[in-house]
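Each remark here refers to the structure printed beneath this line.
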Amino acid sequence: MQGGLDCLGEEHQSRDCERDRPKCPVTIVHGGWGEWQAMISCTKTCGGGLKTLRRKCDQPSPKFGGRQCVGQSLAFVACGAGCCPVNGRWSEYTNWTPCEVTCAGGRRFRERKCDNPPPSCGGHTCNGFAEDQEVCSLRKCPVDGQWGDWTPPSGCTHSCNSGTQIRFRRCDSPSSQYGGSICPGFPIEVTPCNTFPCPIPGKWSEWGSWSECPTTCGLGSYKSRTRKCDNPLPQHNGSTCPGPSTDTSLCHLVPCPVHGDWSEWTDWSECPKSCGGALHFRTRLCDNPRPDHGGRDCAGNHRQ
């Protein structure tokens with residue numbers, strides 16, 4: 001205490017007391033290794049290192065002349081085998097791309113990659129952006145002329161059989177500017193109209209000949225004649241011919257002859273005698289019908 005020196009020498013002493021006693025019977029005990037114990041942590045946290053293991057020959061310790069443990073008391077094992085984090089770094093930018101437009105302001109681009117080296121094993125990726133851009137091609141663009149709408153067409157010069165009509169337009173939607181091309185084509189257009197044929201009304205041809213009368217005698221018979229609407233035919237919605245296509249006329253004929261035919265016989269007359277023989281008779285008339293207009297009389301006798 002108070003800065004004094006520690007005692008020199010050992011705290012305990014021992015001596016052999018067996019000189020005066022009889023020796024006990026003993027069993028030889030050979031040494032055996034205990035479990036491995038790590039002496040220090042791994043020399044590296046990544047990329048491969050070593051750590052040292054130690055074991056003691058105390059399970060059990062050799063006694064009474066027993067053999068020492070066979071083998072090494074120290075061993076070295078690999079550790080920290082995982083890859084070390086590598087932070088990414090940018091490579092150089094590529095060349096600028098062509099401008100996306102040739103006028104009126106556009107953009108062009110370039111890019112770089114986070115591969116010099118690329119991030120690995122949990123390393124940080126590159127800071128910033130992989131793509132860079134800038135404005136380019138600021139001059140004014142040429143404006144090509146475009147036609148405005150057509151005016152309504154003029155009236156057709158003919159109502160049928162093909163006429164013409166005209167319409168106009170202007171190159172002002174927009175007009176050509178800054179070296180742009182003028183409108184292609186023409187400002188005037190002439191087109192056909194009313195190309196359909198004009199209507200042609202039909203006209204009658206001459207009447208044909210009268211037909212023959214169907215009978216040679218008697219009244220009430222008719223003869224007919226026809227004409228066609230083909231001089232010319234109606235065409236292209238032209239009107240058809242007015243009036244009928246057929247004409248009829250009464251046949252002026254003499255009455256037909258009527259031939260006479262007998263009516264039924266009358267009953268027989270009474271016999272003039274009751275005995276000795278006599279004659280009785282009966283008659284008939286030629287009136288069923290009577291002969292007329294030159295027809296034949298009845299054939300045969302009118303009395304019997």
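The values are calculated or read from the model by the stated rules, or taken from the named source; none is laboratory data. Bear in mind the structure is a predicted one, so any value in this text is a computation, not a measurement. Because the Cβ atoms are built from the backbone with ideal geometry, glycine has one as well, and the counts that use them run over all protein chains shown. Ligands, DNA and RNA are excluded from the accessible area calculation, which covers all protein heavy atoms including side chains. Shrake-Rupley method; radii C 1.70, N 1.55, O 1.52, S 1.80 Å.
Solvent-accessible area of W150, all protein chains in place: 70 Å² (probe radius 1.4 Å, heavy atoms, ligands and nucleic acids excluded).
Any idea what % of Cα-Cα pairs in the stretch 56-177 are farther than 24 Å? Considering the stretch 56-177, 72 percent of its Cα-Cα pairs are separated by more than 24 Å.
For the chain, a Gaussian network of Cα nodes joined below 10 Å ranks P289, P192, P184 by mean-square fluctuation, and the top entry is P289.
Note on the stretch 139-195 and the stretch 225-301: Cα centroid distance 87 Å, given to the nearest whole angstrom. Only lysine pairs 8 or more places apart, or on different chains, with alpha-carbon atoms under 28 angstrom apart are counted in the chain, and they number 4. Computed over the chain with a Gaussian network model linking Cα atoms closer than 10 Å, the most mobile of C193, C171, C275 is C275.
Charged side chains reduced to their Cβ positions (Lys and Arg at +1, Asp and Glu at -1) give the chain a dipole of some 1060 debye around its Cα centre. Taking amide H positions as modeled 1.01 Å from N, with prolines and chain starts lacking one, the residues under 5 Å from S162 and 5 or more places away or on another chain are T195, F196.
Here the chain is described by how far its Cα atoms reach on the three principal axes: 224, 98, 38 Å, from widest to narrowest.
The GNM of the chain, with springs linking C-alpha atoms under 10 angstrom apart, assigns the highest mean-square fluctuation among V101, V254, V86 to V254.
With a 1.4 Å probe rolled over the protein heavy atoms of all chains, the accessible area of W204, W36 falls in the order W36, W204, largest first. Element breakdown for the chain at a 1.4 angstrom probe: carbon and sulfur atoms account for 52% of the accessible area. Assuming charge only on the beta carbon of Lys and Arg (+1) and of Asp and Glu (-1), the dipole of the stretch 133-191 about its Cα centre is about 100 debye to the nearest 20. If I ignore ligands, DNA and RNA and count only protein heavy atoms, how much of Y93 is accessible to a 1.4 Å probe, in Å² to the nearest 10? Accessible surface of Y93 is approximately 80 Å². A quarter of the convex hull surface defined by the alpha-carbon atoms of the stretch 77-116 gives 3.9 nm² as the mean projection. Using only the Cα atoms of the stretch 241-304, build the gyration tensor, take square roots of its eigenvalues as a ≥ b ≥ c, and label the shape rounded, prolate or oblate: rounded if a/c is under 1.5, else prolate if a/b is larger than b/c, else oblate. Prolate, since a/c reaches 1.5 and a/b exceeds b/c.
For the chain, the residue among S176, L53, H30 whose Cα projects farthest onto the positive side of the dipole built from Cβ charges is H30. A cut-off of 5 Å between modelled amide H atoms, ignoring neighbours fewer than 5 places along the same chain, links C136 with G106, R107, R108.
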